[in-house]
1. Out of A:310, A:287, A:291, A:305, I need the residue that is away from chain C (no Cβ under 14 Å), farther than 23 Å from residue A:270 by Cα and buried (at least 16 other Cβ atoms within 10 Å of the Cβ). Which one?
2. Of the conditions (1) surrounded by fewer than 23 Cβ atoms within 10 Å (Cβ to Cβ); (2) under 21 Å from residue B:175 (Cα atoms); (3) facing chain C (nearest Cβ under 9 Å); (4) more than 20 Å from the chain's Cα centre (by Cα), residue B:226 fails just one. Which one is it?
3. Where in the stretch A:40-118 are there strands (runs of 3 or more DSSP E), lying wholly inside it, with at least 1 residues that are in contact with a strand residue (DSSP E or B) (Cβ under 6 Å, 6 or more places away or on another chain), surrounded by fewer than 23 Cβ atoms within 10 Å (Cβ to Cβ) and assigned by TED's automatic domain parsing to the domain that holds residue A:136?
4. Hey, residue C:109 hits all of (1) away from every other protein chain (no Cβ under 12 Å); (2) touching a strand residue (DSSP E or B) at 6+ places or on another chain (Cβ under 6 Å) but one; which does it fall short on?
5. What number of residues within the stretch C:150-168 are without any contact (Cβ under 8 Å) to a residue 12 or more places away in the chain and assigned to a helix (DSSP H, G or I)?
6. Show the residue pairs that are 6+ apart or on different chains and have beta-carbon atoms under 7 Å apart, the first residue being within the stretch A:294-314 and over 22 Å from residue A:330 (Cβ atoms), the second being assigned to a loop (DSSP other than H, G, I, E, B) and at pLDDT below 90.
7. Can you tell me which residue within the stretch B:117-134, out of those that are more than 7 Å from every other protein chain (Cβ to nearest Cβ) and in contact with a helix residue (DSSP H, G or I) (Cβ under 7 Å, 6 or more places away or on another chain), is modelled with the highest pLDDT?
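The values are calculated or read from the model by the stated rules, or taken from the named source; none is laboratory data. Please read these numbers as outputs of a predicted model, since none were measured by experiment. In this analysis, Cβ positions are derived from the backbone assuming ideal geometry, glycine residues included, and neighbour counts consider all displayed protein chains.
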């Protein structure tokens, strides 16, 4: 394993925000990773990412965005067309999966159906030539860790989905990988189980202190589990940031739309005042935002986003009209237990407001009424692309 | 016993029992009866033939059943010292058939397996459709033509057809499409990720094949073997043109050309019933094996309720050993 | 609920908005570009597994090439060559075909065989469909389905020649079981000779022997019929016949087509059944080719065979017009 000359390369990471530790020899580095399939399909385009040991990183995006292909390249199940994958300073490209210090947990668990749970867990050790006694010992330790020791002799088909999940985990952990790759691990479970497994999986990761890279298309899952989220779309990275930033400060339109519950204002710049930028859309909704570095000039098209949860509802129409507010008609009042989603429309454009459940009595049954909504300038995001 | 009608306050409180007519029953039982009649007609010729084979020494080709129930005619198949014996022919043909079938079965299994593996990897390109149709051609070409063609081919090359060179080839041709289709069905159910998981855990290609792939598909391979075996064991149309005068004929040919070489007696029926019994035995073995396997198959349970009953969590029992990076 | 400024009633607005949201969400979730996941393949992953595929495919195709393609090619060649007393000589001629075209008995034979085929296909379809329907849609447990299917299929795995043989004397002959039973039941007064060695018996035998080639594809087609769709149809008020015609039949077409192709091809080219059950009385294209071959009239036999193949191909093409088979596969 030769180290390629990537020392000292500063890595630019995706579109906005939050890049932790600069390049050093520890952790996983994806440099300019690209994958083009025969036939011309570009699955992954110039992905740059650094992951520290012990971090829980989630690759999030719609189907076909390249997240799974990226994961498979890290795991060795796909060859990159261009680019470099380095783990702790050593290049992984060219190494077959079994020679890499990474292991993958597959979406449908991929347990060996003809072998018992114990034999499944022992498999990796057997391939590495560990002696029988020692193998059993380590396998049982791993099974203990996931709480499945009494089921050691069963076959996978006699287990429930969650139990199979745990066997899959035990099977990969026993080989002591440096990084664990998970391909939609919770996709095959039903909802209640998913919710519970999120917690358990994250706790497991914390206790092990291992690097986990987790692929999913479920926004909630990503927000709840990740240390950092990498949002991808159409083979490129849209944004890399911690969950709070992704949720409150989306960088691009896709991120804003994909995370849901964002109001997108598409309009033109009508005023530029130092750092401040005021835009207006066709519905004459005006919003302002502080955008220090932006090059937008009056007349340029621009896109802004406001989180639905940041929108305040003025139920008695007493607030003044003007900047960062809009007059809308209520289309649907959706009560969700802890909160109320207010579906609004202004001049044909949809808007969404999320308010706490206390507001429900004031809003119930008021479909068709006009109300005023408003938000603060600091909650407005300027979106790229 | 007089039933005391409960005092009813309102008319709608009365309990009414109504017979619910199960509409579906008629169709199902009607079809089931049809099915049984169908099976009857399917099996009746063989059953009749088998019955006639147990006749006594005055037994003839057809009804009525003559003589005491004996195994005499069966004996003539195996014992060369009995009157009317045909044991030598039967043994020679039987051996011929057996060896041909075993070899054909083996070749069919191997070729069907390798062809299906090749297709599994490439099933996306136009040329594969052509290849698929070529394989299906083997299924569609009338048996007779395959036999004729092979015979002419050998004449063309200036050689006399030899059963092992020709009949074997022709019979394997017939078996390959069956095996191919069976293997395709097996591969369909097969999860590609299992092989990737094995590779992930340290197995190289050969080990993966041996430890993971093969055990999961061996039933398809075995089924292919059975296909090849029985198809060859029973074949007539393909082989009829391919025999020469000096090799023992396979059993079906022996039966089919019986009238021209042997007096027609009930031992022909015994022979027919015997070869059929062998085939049926194999099939019923498969039946037993398949139903046994199906009994142990159950869909994995995914409901959370099952999970919640299982209280040991990931972070629970046994304590966690922090693993070093 | 008073509507203020908008002209449309609130209800439809809500629906429109809701639908818009759903569309947008779907648009995001199902973006078109990289069909990467579908393009995945082991060959791609290892960057050059092409030769392994070739090695795997080669033995099978070589075998097929030698034992199937080459013989067919030879038949074509020989049909254009001249007959000799010991076989054929490589002198090109079209006389073989010419003779055949003018041979009225040949065409009569061909027509009769064709008729037999059609009858066989129709009979197998009509008689076999209920069996497949029963197994696929009426039997509940998978185990029973498979078990009954194998039981029904088992006779196929016996020598069809033996079954054909059993069809003759024991069952259909003048002294056979059928005649005896009919006489016992006083349906007939004497043995009916038409039952054996006749066109009728050949056709009946063929149905019995080949019906399994129809039941199998039908069974597989029927078991893929969406039972929920059936129930929906019944819910909406369809009686049995309508449901059958509109829901079941279209979904079973691939099975019907495959089964028909099988039976058509097999019966047109059949030799053994006709020879055994028909005695020497009934001829088919198969027996004709056989007799020419044994009479060392190879070129003539070959020409007959080629004509048969052409007719088969036309027939198959016609049958496939009934369904776009490629899609279903």
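1. A:310 is the lone residue from the list that is away from chain C (no Cβ under 14 Å), farther than 23 Å from residue A:270 by Cα and buried (at least 16 other Cβ atoms within 10 Å of the Cβ).
2. Every listed condition holds for residue B:226 apart from (4).
3. In the stretch A:40-118, the matching strands (runs of 3 or more DSSP E) lie at A:42-51, A:56-60, A:82-87.
4. The single condition residue C:109 does not satisfy is (2).
5. Number satisfying all stated conditions: 6.
6. That search, which allows pairs on different chains as well, returns A:302/A:296.
7. Of the residues in the stretch B:117-134, the ones more than 7 Å from every other protein chain (Cβ to nearest Cβ) are B:119-120, B:123-133.
Now restrict to residues that are in contact with a helix residue (DSSP H, G or I) (Cβ under 7 Å, 6 or more places away or on another chain): B:119-120, B:128.
Details: B:119: 80, B:120: 77, B:128: 69.
Among those residues, the one meeting the criterion is B:119.
To keep it simple, each residue is scored yes or no on (1) buried (at least 24 other Cβ atoms within 10 Å of the Cβ); (2) more than 30 Å from residue C:161 (Cβ to Cβ).
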| residue | (1), (2) |
| --- | --- |
| B:190 | no, yes |
| B:194 | no, yes |
| B:203 | no, yes |
| B:208 | no, yes |
| B:219 | no, no |
| B:233 | yes, no |
| B:238 | yes, no |
| B:247 | no, no |
| B:251 | yes, no |
